[in-house]
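Colleague: Below are the C-alpha cells for one structure; questions will follow.
The values are calculated or read from the model by the stated rules, or taken from the named source; none is laboratory data. The structure displayed is predicted, hence computed values, not measured ones. We place every Cβ from the backbone using ideal geometry, glycine too, and count neighbours over all the protein chains shown. These accessible areas exclude ligands, DNA and RNA; they are computed on the full protein's heavy atoms, side chains included. Shrake-Rupley method; radii C 1.70, N 1.55, O 1.52, S 1.80 Å.
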Amino acid sequence: AFNCFKIEIDKYSGEIAAGRLFSGTVQQGQEVYMNLAKRMVRVQQVILYRGGQRTQVDKAVCGNIIGIAGLKDIYAGETVTSEPAETFEELKHIFEPVITKSIEAKKSSDLPRLVEVLKQVNKEDPSVIVQINEETGENLISGMGELHLEVIENRIKTEKNLYIISSKPIVVYRETVLKKSGQ
C-alpha cells in the first residue's frame, strides 16, 4: 500500500506522486489500483528518495519514501494498492489559509497558462487554495502566510517560467476579541 502525500510536477516525467510505501513492493510496469479514483493505472517510473536525491529504480520495497510516475490525475491523500482495498484516512490540514493575493499574468496572452500553472500549484501544495472570483475575474491564491505565498510566487516565476503580478496581501479576520477577559 502506497500513500501519496505530495505531487511534484517534473518537466520530463509529468506528475510524480511522492509518498511512503507502507507494505509490499512496487515496480515499473506494474498495474496498480487508485482507491479514491477507483481505477487501474500502470506505473511508468519508480523513484527512490534519499534525502534530496532522487534515484530511478526498477523496484522499491516497503518502508521507503518513493515517487511514482504514471498515476494520472492523482491527488495527495490517494491510497494506491495492487487491488481495491481500504484507504488511508484522509489527509487533513489543521490550519486554514489566512492570507490571499490576487495574481495575474504580466502578459495577457499568458492568462490560459496561468490558470494551468495555478491548478498545478494547488495540486503540488494542498495547503494552498486557488480560486477564480467569478464577479471580478481575479485569480486568488490563499496560503498560510505572506512568506508561504512569496515562495509559491517565486516558484511560479523560476520553475514554471511565468511572469506574474500579484496584489498586496489581503487578510480576512475571522476571529476578534469581543470583551475583556475576567482574568
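Colleague: Quick one: residue 125 ticks every box in (1) of a type outside the set (Ser, Thr, Tyr); (2) open to solvent by less than 70 Å² (accessible area, probe 1.4 Å); (3) farther than 30 Å from residue 24 by Cβ bar one, so which box is it?
Modeller: It fails just one condition, (3).
Colleague: While we're looking at this one, here's another question. In this structure, does residue 134 turn out to be loosely packed, with under 15 Cβ neighbours inside 10 Å, free of Cβ contacts under 8 Å to residues at least 24 places away in the same chain and in a helix (DSSP H, G or I)? Lay out the reasoning, then the answer.
Modeller: Details: loosely packed, with under 15 Cβ neighbours inside 10 Å: yes; free of Cβ contacts under 8 Å to residues at least 24 places away in the same chain: yes; in a helix (DSSP H, G or I): no.
Spelling it out, it is not the case that residue 134 is loosely packed, with under 15 Cβ neighbours inside 10 Å, free of Cβ contacts under 8 Å to residues at least 24 places away in the same chain and in a helix (DSSP H, G or I).
Colleague: Now, a different point. With the condition kept exactly as written, say whether any residue in the stretch 87-98 is more than 23 Å from residue 18 (Cβ to Cβ) and outside any helix (DSSP H, G or I). I'd like the intermediate steps shown before the answer.
Modeller: From the stretch 87-98, those more than 23 Å from residue 18 (Cβ to Cβ) are 96, 98; that's our starting set.
Filter once more, so that each one left must be outside any helix (DSSP H, G or I): 96, 98.
Yes, that holds for at least one residue.
Colleague: Do we have any residue at all in the stretch 16-37 that's exposed (fewer than 13 other Cβ atoms within 10 Å of the Cβ), in contact (Cβ under 8 Å) with a residue 24 or more places away in the chain and basic (Lys, Arg)?
Modeller: no
Residues are listed down the side, and each one gets a yes or a no for (1) farther than 30 Å from residue 27 by Cβ; (2) at pLDDT below 85; (3) of a type in the set (Ser, Thr, Tyr); (4) within 18 Å of the chain's Cα centre (by Cα):
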site	(1), (2), (3), (4)
94	yes, yes, no, yes
103	yes, no, no, no
108	yes, no, yes, no
129	yes, no, no, yes
133	yes, yes, no, no
149	yes, no, no, yes
157	yes, no, no, yes
168	yes, no, no, no
173	yes, yes, yes, no
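Colleague: Okay, moving on. Does the stretch 24-64 hold any residues that are assigned to a strand (DSSP E or B) and out of contact with any strand residue (DSSP E or B) (no Cβ under 7 Å at 6 or more places or on another chain), and which are they?
Modeller: First pass over the stretch 24-64, keeping only residues assigned to a strand (DSSP E or B): 25-27, 31-34, 39-42, 45-50, 53-57, 59-61.
Selection gives 39, 50, 53.
Colleague: For the stretch 65-81, which residues satisfy the criterion of being in a loop (DSSP other than H, G, I, E, B) and either closer than 11 Å to residue 47 by Cβ or open to solvent by less than 30 Å² (accessible area, probe 1.4 Å) (or both)?
Modeller: At the first step, the residues of the stretch 65-81 found to be in a loop (DSSP other than H, G, I, E, B) are 70-78.
Those that are in a loop (DSSP other than H, G, I, E, B) and either closer than 11 Å to residue 47 by Cβ or open to solvent by less than 30 Å² (accessible area, probe 1.4 Å) (or both): 70, 71, 74, 77, 78.
Colleague: Give me the pairs, please: first residue somewhere in the stretch 156-179 and open to solvent by 100 Å² or more (accessible area, probe 1.4 Å), second residue anywhere and assigned to a loop (DSSP other than H, G, I, E, B) and not hydroxyl-bearing (Ser, Thr, Tyr), beta-carbon distance under 7 Å, and either six or more positions apart or on two chains.
Modeller: 163/106
Colleague: Touching a residue at least 40 places away in the same chain (Cβ under 8 Å), closer than 30 Å to residue 145 by Cα and open to solvent by 90 Å² or more (accessible area, probe 1.4 Å): does that describe residue 104? Let's see the steps before the verdict.
Modeller: Working: touching a residue at least 40 places away in the same chain (Cβ under 8 Å): yes; closer than 30 Å to residue 145 by Cα: yes; open to solvent by 90 Å² or more (accessible area, probe 1.4 Å): yes.
Yes, satisfied.
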